[in-house]
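Okay, so here's the structure we're looking at.
The values are calculated or read from the model by the stated rules, or taken from the named source; none is laboratory data. This one's a predicted model, so the numbers in the text were calculated from it and none came from an experiment. A quick note on method: Cβ atoms are made from the backbone with ideal geometry, for glycine too, and the neighbour counts reach across all protein chains shown. To get the accessible areas, we keep the full protein, side chains included, count just its heavy atoms, and leave off ligands, DNA and RNA. Shrake-Rupley method; radii C 1.70, N 1.55, O 1.52, S 1.80 Å.
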Amino acid sequence: MTTTLPPGSTVGIIGGGQLGRMLAMAAARLGYRTVVLDPQPDCPAAQTTNHQIVAAYDDPQALVELSGRCDVATYEFENVPVAAAEKLAKDLAVLPPPLALERAQDRLIEKTFLNDIGVETAPYRAVDSDADLASGLAGFGGNGVLKTRRLGYDGKGQIVFRNLAGNSADGAFAQMGNVPLILEGLIPFVMEISVIAARGRDGSMAAFDIVQNVHRDGILATSTVPAAVSETVAEAAKSAAFRVLEALDYAGVIGVEFFVLEDGGLLANEFAPRVHNSGHWTEAACAVSQFDQHVRAVCGLPLGDAARHSDCVMENLIGGDVDRMPEILGQSNAVLHLYGKMETRPGRKMGHVTRLSPR
Ligand code: AMP
């Protein structure tokens with residue numbers, strides 16, 4: 001039998017960034033209370049949650065307090081320490097399950113898992129020395145993307161190699177910090193897309209429409225819906241996302257990113273076991289947003305209809321982009337959302353705007 005948490009119950013959220021902020025708002029709309037665990041006192045979610053526990057994510061006392069204060073726990077970033085999630089899971093449901101964190105935190109484990117369940121990725125090699133890198137690059141014709149296995153995001157901790165010969169990559173292992181690395185084949189993709197999908201506690205699944213993403217300097221710049229892909233490609237991407245959800249016995253929203261090849265083939269790049277930046281458009285273009293959907297899923301409510309009522313382009317407001325607020329406020333089709341961050345810094349996500357157009 002599926003557990004359904006009645007309104008008035010409390011959802012614990014590990015992480016208090018903008019995703020936690022928007023999850024707390026969605027939970028409130030459905031009549032739930034929230035408690036956020038984040039070490040930073042005035043984090044974006046602190047302004048929208050009922051209560052914040054100010055402590056490190058793996059602080060044992062804070063985890064005891066969190067489990068005492070909430071009826072289900074979830075998280076808004078994939079680098080939640082797995083041990084902390086597992087400890088919490090002894091006392092209450094932690095959704096998505098800690099296994100999803102474990103699979104997503106290490107790019108080598110993630111890609112192996114995806115391939116094992118029949119979801120294709122770029123070819124890859126583990127790299128633990130310059131010698132591994134040289135032989136890997138030779139295997140990929142001198143082209144590749146070198147990434148840290150853990151704790152990389154928004155293109156940070158990556159080196160791209162093109163047409164490299166011999167040992168000219170020597171020193172890269174040290175340059176990347178002497179940590180475990182992965183070398184991926186350099187994919188000549190024609191487009192990047194993502195799927196925002198959800199699985200309920202009862203096993204039902206739903207996916208929002210496919211999103212076409214453009215990254216700038218490794219950071220998501222825009223998400224456009226609908227993506228310019230065929231129905232076949234769209235269905236293949238959704239079915240790959242569903243396969244991931246089922247393999248992890250998942251509950252909650254997931255974001256799965258893909259490269260689209262010239263022939264329409266798909267290679268999964270990575271998945272995020274949480275609500276995703278490329279799903280922010282859903283708050284403006286769907287009756288049920290990805291945040292609503294996540295709260296529904298982890299609280300055991302029925303999933304909402306993921307259909308969109310409008311086409312749209314979501315633009316991230318990064319750093320000084322937020323100074324364009326007066327102009328955006330004057331645009332009649334623009335849905336603006338700011339994250340309450342007091343300090344503007346280059347590369348920092350300050351908010352987003354979704355511009356709607358009729359379908
Ligand atoms: P990631 O940190 O894996 O999300 O990578 C950030 C961005 O770098 C991606 O959105 C792509 O634009 C690019 N990228 C990552 N991996 C590859 C790859 N194997 N081949 C080509 N481009 C890549």
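Subtract the Cα-Cα distance of Leu329 and His51 from 0.36 nm times their separation in residues, and report this length gain in nm to one decimal.
So the chain would gain 97.0 nm between Leu329 and His51.
Would you tally the net charge around Ala307, using a Cβ to Cβ cut-off of less than 14 Å, leaving Ala307 out, and scoring K and R as +1, D and E as -1?
After counting each charged neighbour, the total is -1.
Report, in listed order, any pair from Lys111/Lys341; Lys87/Lys147; Lys111/Lys349; Lys90/Lys147 with a Cα-Cα distance greater than 32 Å.
Working: Lys111/Lys341 34 Å; Lys87/Lys147 30 Å; Lys111/Lys349 27 Å; Lys90/Lys147 34 Å.
In this structure, Lys111/Lys341; Lys90/Lys147 lie more than 32 Å apart at Cα.
Which loop trypsin sites (Lys or Arg not before Pro) in the range 1-74, with loop taken from DSSP, have no more than 12 other Cβ atoms within 10 angstrom of their Cβ?
Those that pass, being in a loop and sparsely packed, number zero.
For the range 10-94, which whole percent of the accessible surface, found with a 1.4 angstrom probe, sits on carbon and sulfur atoms?
Values: 1590 of 3300 Å².
Carbon and sulfur atoms account for 48 percent of the accessible area of the range 10-94.
Which order do the peptides 282-295, 45-58 take when ranked by the mean count of other beta-carbon atoms within 10 Å per residue, highest first?
Going from most to least packed, we get 282-295, 45-58.
Which percent of the accessible heavy-atom area of the range 191-358 goes to carbon and sulfur, probe 1.4 angstrom?
Carbon-and-sulfur percentage of accessible area, whole number: 51.
Work out from phi, with θ = phi - 60° and the Karplus expression 6.51 cos²θ - 1.76 cosθ + 1.60, the ³J(HN,Hα) of each residue of the range 245-253, listed in order in whole Hz, and give x for Gly and Pro.
With coefficients 6.51, -1.76 and 1.60, one gets 4, 5, 5, 9, 6, 7, 9, x, 9 Hz.
Per residue, how much accessible area does the chain have with a 1.4 Å probe, in Å²?
In whole numbers, the chain has 41 Å² accessible per residue.
From the phi of every residue in the range 101-111, what ³J(HN,Hα) in whole Hz does the Karplus formula 6.51 cos²θ - 1.76 cosθ + 1.60 yield, where θ is phi - 60° and glycine or proline is x?
Taking θ as phi minus 60°, the curve returns 5, 4, 6, 8, 7, 10, 4, 6, 5, 4, 5 Hz for the range 101-111.
Can you give me the % of accessible surface on the range 123-184 that is carbon or sulfur? Probe 1.4 Å, all protein chains present, nothing else counted.
50
List every residue whose amide H lies under 5 Å from the amide H of Asn50, counting only residues 5 or more places away in sequence or on a different chain, with H placed 1.01 Å from N in the peptide plane.
Thr34
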